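The values are calculated or read from the model by the stated rules, or taken from the named source; none is laboratory data. Quantities reported herein were computed from a predicted structural model and do not represent experimental measurements. Positions of Cβ are backbone-derived with ideal geometry, glycine not excepted, and every protein chain shown enters the neighbour counts.
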Amino acid sequence: MREVDTLVLDLGDVLVRWDPWRALVGRLPDDEVRAFLDDFDFRTFNVAQDAGRSWADGRALLQATEPHLVPAMDLFVEHFADTLVGPVPGMADLVQDAADAGLRLLGLSNWSAETFHLAQPVAPAIGLLEDVVVSGREGIAKPDPRIFALLASRHGVDPARAVFIDDSPPNVGAARACGFDAITFTTAEALRTELDARGVVLRPPTVAR
């Protein structure tokens, strides 16, 4: 592998913690929350939102197929900001250290175009990224190989010199199939170790900046 010059970072549960339960817990009975998030399999429904479907269109679909879930969806959208729990521990320092080391930093995130603006205030390290390719804006979501090709083309990234970081193994596998080295994210400490093994040596993390 050539020398790494670029890190491509997922956002959800890599830079910013996401917990969809927080939009609904305390606002609906627990059984209604479970019905929407688990029994209905909200995360699968949300893939289409990440791929560009508007919340209005998603609501219309629910109204036609699962009308009893529409109140939960309305609450979820209204209180989406509550799902963003805070920065992922240690990642703000890691991103700053990578920037200080001269690496290019890009984001590639599955996220609705309508709620993406809420991310950076919760995890300011997102502001250190040169750009973020947001699936909801592009109408393509990971693990579709087209979104990796789009990022590489738009930003002149050589996949052989880039490392993609995501908490989803299917997305990591897709990145590798597109020529990127890729790491399945678990913790900031583990990521530093993985990067060090690739010759990307960052300064040791500090207790506080």
Residues being surrounded by fewer than 13 Cβ atoms within 10 Å (Cβ to Cβ), of a type outside the set (A, V, I, L, M, F, W, C) and in a helix (DSSP H, G or I): count how many of those fall in region 177-196. 3
Kindly check whether there is at least one residue in region 129-146 that is crowded, with 19+ Cβ neighbours inside 10 Å, over 15 Å from the mean Cα position of the chain (by Cα) and among the charged types (D, E, K, R). no
Out of all the residues in region 58-68, is one or more of a type in the set (Asp, Glu) and in contact (Cβ under 8 Å) with a residue 24 or more places away in the chain? yes
Which of the residues that make up region 150-169 are more than 15 Å from Ser109 (Cβ to Cβ) and not aliphatic (A, V, I, L, M)? Ser153, Gly156, Asp158, Pro159, Arg161, Pro169
Kindly indicate which of Pro71, Pro124, Pro145 is in contact (Cβ under 8 Å) with a residue 12 or more places away in the chain, under 23 Å from Arg161 (Cβ atoms) and not small (Gly, Ala, Ser). Pro145
For region 71-105, how many residues meet the condition of being in contact with a strand residue (DSSP E or B) (Cβ under 8 Å, 6 or more places away or on another chain) and more than 19 Å from Asp19 (Cβ to Cβ)? 7
I need the helices (runs of 4 or more DSSP H) fully contained in region 1-96, keeping only those with at least 2 residues that are under 30 Å from Asp181 (Cα atoms). 42-50
Quick check on this structure: which one of Val122, Val200, Val157 is within 15 Å of the chain's Cα centre (by Cα), surrounded by 13 or more Cβ atoms within 10 Å (Cβ to Cβ) and aliphatic (A, V, I, L, M)? Val122
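With Met73, Met91 as the choices, which residue is over 26 Å from Leu191 (Cα atoms) and surrounded by 18 or more Cβ atoms within 10 Å (Cβ to Cβ)?
Exactly one of Met73, Met91 is over 26 Å from Leu191 (Cα atoms) and surrounded by 18 or more Cβ atoms within 10 Å (Cβ to Cβ), namely Met73.
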What about Val133, is it touching a residue at least 40 places away in the same chain (Cβ under 8 Å) and assigned to a strand (DSSP E or B)? no
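Go over the candidates Ala113, Ala160 one by one and state the one that is outside the structural domain of Gln49 (by TED's automatic domain parsing), assigned to a loop (DSSP other than H, G, I, E, B) and either touching a residue at least 12 places away in the same chain (Cβ under 8 Å) or under 11 Å from Val8 (Cβ atoms) (or both). Write out each step before concluding.
On the way: Ala160 fails: assigned to a loop (DSSP other than H, G, I, E, B).
Only one candidate qualifies: Ala113.
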Could you grab me the full set of residues in region 97-107 that are acidic (Asp, Glu) and either within 18 Å of Ala190 (Cβ to Cβ) or not in a helix (DSSP H, G or I) (or both)? Asp97
